[in-house]
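Note sheet for the following structure.
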Amino acid sequence: MKDRIEILRNQIFSLEKMGVRYSLREKFIRESLSNTRYDSLSVRRAKAFKNILDNTEPIIFDNELIVGSILGIFPLYEHQYTEEEVYEEAKVHLQKKIKSGEKLTSGRTLMEHDYDYRGGRVSYELLRKVSQNLAKEMELNYSQVFAELQEYFSESPQVYYLLQKFLTSESVSEEFPYTFAHHVPVNYEKVLKRGYKDILKEAEEKFKKAEGEEKEFFHGVIISLEAVIDFIKRYGKKAFELAIAENNSERKKELEEIGNRCIRISENPVADFHEALQLVWFTHLILALAGGIALAFGRFDQYIYPYYKKDIEENKIEKEKAVELLSNFLLKCNEPKFGQVQNLTIGGLLPDGNDGTNEVSYLCLEAIKKAKVPYPNFSVRLHNNSSEDFYRKVVETIKFGRVPLSIFNDDIFIPALHKIGFALEDARDYCVMGCHEIMIPKKQPPWEFSPFFNFPKYLLELLLNKKDFLSFNELLETYKEHLSKEIERSVKRVNKKYMELYKIGKDPFASSLLDNCMEKGRDMYQRGTKYPASIGMWGLGIATLADSLASIKKLVYDEKRISLDEFVKILR
């Protein structure tokens with residue numbers, strides 16, 4: 001028999017080839033919001049979240065041991081376009097537009113995983129191929145053709161625009177009160193240790209005593225957690241239904257075990273390694289179903305290790321089986337529509353300053369080599385006291401290839417985090433989120449971004465507005481001053497968005513899984529967490545800036561081959 005992980009990996013690749021899918025999430029959000037206009041924001045947000053989960057189809061694939069799929073809200077289009085159909089329709093559209101005298105779309109093209117392209121009727125790859133062929137045939141600019149056809153074949157309703165606006169713009173839409181956790185690692189350990197029923201019980205008790213906005217917050221948490229418990233139970237029911245129809249006795253037993261496991265962990269603390277992986281996956285999946293992107297598993301090896309250790313000591317699991325389960329877990333991150341940046345951190349110091357590397361840290365390195373998939377990003381924390389053996393295993397994993405692994409230096413990041421105000425024990429507990437952003441897990445709301453910040457653009461502005469600098473140092477210092485003013489303006493724009501988020505941002509479910517929110521009775525967007533959000537600068541063109549400054553220094557000031565005035569004339 002083929003290796004189970006190889007079979008599952010092939011299944012995921014085959015899912016990608018089945019065709020283009022569309023999203024039901026926005027439909028479910030819209031339905032709920034239209035019926036809850038007189039409820040509080042927390043309750044409206046919670047009911048929309050509940051409507052998503054209640055209407056998400058539970059899907060269990062053959063052979064898998066970790067279940068839960070985002071495809072429950074991403075069905076296939078009934079009609080899948082062929083290349084010939086796309087080519088003919090696109091050509092007719094371009095010809096009509098050119099004949100009418102209208103210009104083709106000149107805005108930036110949408111990236112493969114852009115939020116507003118999720119409604120496209122044609123796959124990104126097919127559209128790109130057709131655009132290349134038509135641009136060549138009709139002697140048109142490829143970028144403009146591609147952008148035009150993306151817009152034409154998109155089925156992005158207004159709701160897509162509003163969701164993207166929440167993520168990328170300088171403001172938050174009051175006309176669409178639905179915000180969600182993104183770029184955030186929640187407290188998975190809390191869920192594993194306590195179970196959702198106990199967290200729900202806490203919310204119910206606090207709701208009875210609370211007043212005003214606090215009461216509305218806990219009301220939203222109660223609605224959300226009840227929906228989560230029901231969602232996981234429905235997966236248990238689905239597994240039992242499949243078990244009844246299953247003819248293979250071995251798979252029948254697996255499905256029955258999956259069903260029992262889902263029912264058990266829907267409310268209760270987990271008891272073993274398999275249950276821990278399953279409940280972490282359900283929690284991660286639910287955050288994604290709600291709209292979350294760039295989600296992180298936090299310090300995965302730290303909160304999973306106690307369950308692995310217990311199972312090994314009690315002879316409940318063998319290492320090979322644990323690697324198989326963990327590989328299955330990693331494969332789930334790569335299903336269609338889940339192919340977005342996710343991060344998982346292993347290794348590094350513990351809050352008390354001791355090395356936190358454990359057997360699960362090594363297990364993860366084995367599993368990622370077995371899974372051979374691009375997601376999640378693996379972030380390995382190393383420091384001066386990391387064992388030589390762990391260093392070697394990390395290097396061997398990188399050498400293996402086909403693994404998304406990055407290394408982060410505790411001896412640099414921890415002092416830097418402590419210096420800007422994080423408690424030392426929290427700085428030691430940092431994790432990596434998104435692409436490579438640093439966060440304190442469980443204790444911060446979603447990472448936010450400034451608007452795009454173009455470094456070369458500000459140098460160009462400076463050169464065009466002031467022609468004469470007596471020395472390169474004078475130019476450089478003036479540029480720094482100009483840059484500082486632009487950064488200040490950018491901070492003001494981000495602060496404006498934060499004030500709007502403070503007014504209308506709500507995510508009761510994610511907030512219930514972040515430290516301090518339940519204690520304060522506040523949403524994470526209303527300063528419920530211990531620390532505020534980190535704000536990253538979307539800086540563009542730093543390498544171009546360095547090259548530009550080096551060229552000016554060499555040609556104008558060192559070798560004096562050209563005057564600055566002549567240099568600026570070239571730029572004009």
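Among residues that are assigned to a helix (DSSP H, G or I) and either at positive phi or surrounded by fewer than 15 Cβ atoms within 10 Å (Cβ to Cβ) (or both), Ala550 is included. Among the residues of the range 370-386, are any surrounded by fewer than 16 Cβ atoms within 10 Å (Cβ to Cβ), at pLDDT 95 or above and not assigned by TED's automatic domain parsing to the domain that holds Ile535? Among the residues of the range 370-386, at least one is surrounded by fewer than 16 Cβ atoms within 10 Å (Cβ to Cβ), at pLDDT 95 or above and not assigned by TED's automatic domain parsing to the domain that holds Ile535, which makes the answer yes. Within the range 394-414, residues that are in contact (Cβ under 8 Å) with a residue 12 or more places away in the chain have Cβ atoms under 6 Å from residues that are among the small types (Gly, Ala, Ser) and surrounded by 13 or more Cβ atoms within 10 Å (Cβ to Cβ) in these pairs: Ser406/Ser379; Phe408/Ser379; Asp410/Gly348; Ile414/Ala427, counting only partners at least 6 apart in sequence or on another chain. Among the residues in the range 17-39, are any surrounded by fewer than 20 Cβ atoms within 10 Å (Cβ to Cβ), within 30 Å of Ala322 (Cα to Cα) and assigned by TED's automatic domain parsing to the domain that holds Ala239? Yes, the range 17-39 contains a residue that is surrounded by fewer than 20 Cβ atoms within 10 Å (Cβ to Cβ), within 30 Å of Ala322 (Cα to Cα) and assigned by TED's automatic domain parsing to the domain that holds Ala239.
The residues listed here are Gln340, Gln302; of these, the one that is at pLDDT 95 or above and either assigned to a loop (DSSP other than H, G, I, E, B) or under 26 Å from the mean Cα position of the chain (by Cα) (or both) is Gln302.
Residue by residue, here is whether (1) of a type in the set (S, T, N, Q); (2) under 18 Å from Leu460 (Cα atoms); (3) without any contact (Cβ under 8 Å) to a residue 40 or more places away in the chain holds:
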{"site": "Met524", "(1), (2), (3)": "no, no, no"}
{"site": "Tyr531", "(1), (2), (3)": "no, no, no"}
{"site": "Ile535", "(1), (2), (3)": "no, no, no"}
{"site": "Leu540", "(1), (2), (3)": "no, yes, no"}
{"site": "Leu545", "(1), (2), (3)": "no, yes, no"}
{"site": "Ser548", "(1), (2), (3)": "yes, yes, no"}
{"site": "Ser551", "(1), (2), (3)": "yes, yes, yes"}
{"site": "Leu555", "(1), (2), (3)": "no, yes, yes"}
{"site": "Leu564", "(1), (2), (3)": "no, yes, no"}
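Inside the range 469-497, can you point out the residues that are within 24 Å of the chain's Cα centre (by Cα), surrounded by fewer than 16 Cβ atoms within 10 Å (Cβ to Cβ) and in contact (Cβ under 8 Å) with a residue 12 or more places away in the chain? Once the filter is applied, which keeps residues that are within 24 Å of the chain's Cα centre (by Cα), surrounded by fewer than 16 Cβ atoms within 10 Å (Cβ to Cβ) and in contact (Cβ under 8 Å) with a residue 12 or more places away in the chain, the range 469-497 yields Val491, Arg493, Lys496. Kindly check whether there is at least one residue in the range 168-184 that is among the aliphatic types (A, V, I, L, M), more than 24 Å from Arg37 (Cα to Cα) and either at pLDDT 95 or above or within 21 Å of the chain's Cα centre (by Cα) (or both). Yes, that holds for at least one residue. The lone criterion from (1) out of contact with any Gly (no Cβ under 6 Å at 6 or more places or on another chain); (2) under 30 Å from Asn247 (Cβ atoms) left unmet by Tyr77 is number (2). If the condition is being crowded, with 20+ Cβ neighbours inside 10 Å and out of contact with any Phe, Trp or Tyr (no Cβ under 6 Å at 6 or more places or on another chain), then the range 347-360 contributes Gly347, Gly348, Leu349, Gly356. So if I check each of Asp429, Asp410, which one is touching a strand residue (DSSP E or B) at 6+ places or on another chain (Cβ under 6 Å) and not basic (Lys, Arg)? After applying the criteria, what remains is Asp410.
The listed residues are Lys337, Lys253, Lys309, and the only one of them that is surrounded by fewer than 23 Cβ atoms within 10 Å (Cβ to Cβ), farther than 26 Å from Glu6 by Cβ and in the same structural domain as Leu225 (by TED's automatic domain parsing) turns out to be Lys309. Within the range 114-134, restricting attention to residues that are modelled with pLDDT of 85 or more and of a type in the set (D, E, K, R), the residue that is surrounded by the most Cβ atoms within 10 Å (Cβ to Cβ) is Arg128. Would you please name the residue that is farthest from Arg489 (Cα to Cα), looking only at residues in the range 507-545 that are assigned to a loop (DSSP other than H, G, I, E, B) and hydroxyl-bearing (Ser, Thr, Tyr)? Residue satisfying both the conditions and the ranking: Thr529.
A single entry from Leu110, Leu104 fulfils the requirement of being in contact with an Asp or Glu (Cβ under 7 Å, 6 or more places away or on another chain), surrounded by 17 or more Cβ atoms within 10 Å (Cβ to Cβ), under 25 Å from Arg21 (Cα atoms) and modelled with pLDDT under 90: Leu110. Considering only residues that are under 20 Å from Leu53 (Cβ atoms) and of a type in the set (Gly, Ala, Ser), look in the range 195-231 and name the one that is surrounded by the most Cβ atoms within 10 Å (Cβ to Cβ). The extreme case among them is Gly220. Closer than 30 Å to Glu216 by Cβ and part of a helix (DSSP H, G or I): does that describe Leu15? It is false that Leu15 is closer than 30 Å to Glu216 by Cβ and part of a helix (DSSP H, G or I). Among the residues making up the range 43-87, those that are modelled with pLDDT under 95, acidic (Asp, Glu) and in a helix (DSSP H, G or I) are Glu83, Glu84, Glu85.
Quick grid of which residues meet (1) crowded, with 21+ Cβ neighbours inside 10 Å; (2) in a helix (DSSP H, G or I); (3) at pLDDT below 95; (4) out of contact with any helix residue (DSSP H, G or I) (no Cβ under 7 Å at 6 or more places or on another chain):
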| residue | (1), (2), (3), (4) |
| --- | --- |
| Ile286 | yes, yes, no, no |
| Gly291 | yes, no, yes, no |
| Glu320 | no, yes, no, yes |
| Ser327 | yes, yes, no, no |
| Tyr362 | no, yes, no, no |
| Leu365 | yes, yes, no, no |
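The values are calculated or read from the model by the stated rules, or taken from the named source; none is laboratory data. Bear in mind the structure is a predicted one, so any value in this text is a computation, not a measurement. Backbone-built Cβ (ideal geometry, glycine too); neighbour counts: all protein chains shown.
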